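The values are calculated or read from the model by the stated rules, or taken from the named source; none is laboratory data. Since the structure is predicted, the reported quantities are computational estimates derived from the model, not experimental observations. Virtual Cβ from ideal backbone geometry, glycine too; neighbours counted across all protein chains shown.
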Amino acid sequence: MARYTGSVCRLCRREGAKLFLKGDRCYSAKCAYTHRMTPPGQHGASRKKNSEYSLQLREKQKTKRVYGILEKQFKLYYEKADRMRGMTGENMLILIERRLDNVVYRLGLGMSRAQARQIVNHGLVCVNDMNVNIPSYLVKAGDVISVKENKKDKAIFADVKAGRSVNLPKWLTFDNEGLKGNVVALPQREDIDFTIADHLIVELYSK
């Protein structure tokens, strides 16, 4: 599967927003985006006003990059959301928010979504005591997300066990010492703390 391997700070500059792709570094003074906010490229600072299509495309690209999803899978979430009751844009974001790699990130087990995806891929996480290594696995209300018993002493989880502070959303609970989290409810649109104009994505795909 193709995956972006360049500088992730360049992606933040391209979208004109912090995408928080480097974990704690994005909150520090070392964040490259805060020092150079212009889009990448020779003429980045002098680009003209975006068209309606450009705004829609940039919103889609920004959302894909925040969650680390490729185009084919992202469109499948849109199509599934379109078949559900309610607002298509909200349904799509809620589906993506329920991904296992995102939940692992939200629980604080990974410093970034990319690291959380790697943790899942390497088989370090269980759902309801069953090993799951599929990052796109959709969690349900009542699911228990935990680190495998024989992997809890790994250095990557040391800060978490020590009580590292995490801005936990209300639909999740987490036990730092036991490295175990609970999905107490499904996420709602207001639980997504990143600014996304989902209506622009719906307009783009519905053309």
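Quick notes
- Single match in A141, A197 (criterion: in contact (Cβ under 8 Å) with a residue 40 or more places away in the chain, in contact with an Asp or Glu (Cβ under 8 Å, 6 or more places away or on another chain), farther than 18 Å from L70 by Cα and among the aliphatic types (A, V, I, L, M)): A197
- Residues in segment 58-83 that are at pLDDT below 95 and hydrophobic (A, V, I, L, M, F, W, C): V66, I69, L70.
- Conditions (1) on the phi > 0 side of the Ramachandran plot; (2) within 17 Å of the chain's Cα centre (by Cα): number failed by D129: (2)
- Between K180, K152, K161, K207, the distinction of being of a type outside the set (V, I, T), over 16 Å from the mean Cα position of the chain (by Cα) and within 20 Å of N102 (Cβ to Cβ) belongs to K180 only.
- Residue count, segment 167-186 (criterion: of a type in the set (A, V, I, L, M, F, W, C), part of a loop (DSSP other than H, G, I, E, B), in contact (Cβ under 8 Å) with a residue 40 or more places away in the chain and more than 18 Å from Q118 (Cβ to Cβ)): 4
- At least 2 residues being within 26 Å of R189 (Cα to Cα) and either in the same structural domain as K80 (by TED's automatic domain parsing) or aliphatic (A, V, I, L, M) (or both) is the threshold, and among the helices (runs of 4 or more DSSP H) wholly inside segment 96-163 those reaching it are 100-106, 113-121.
- Residues of segment 63-97 satisfying the condition of being free of Cβ contacts under 8 Å to residues at least 24 places away in the same chain, surrounded by 18 or more Cβ atoms within 10 Å (Cβ to Cβ) and of a type in the set (A, V, I, L, M, F, W, C): F74, A81
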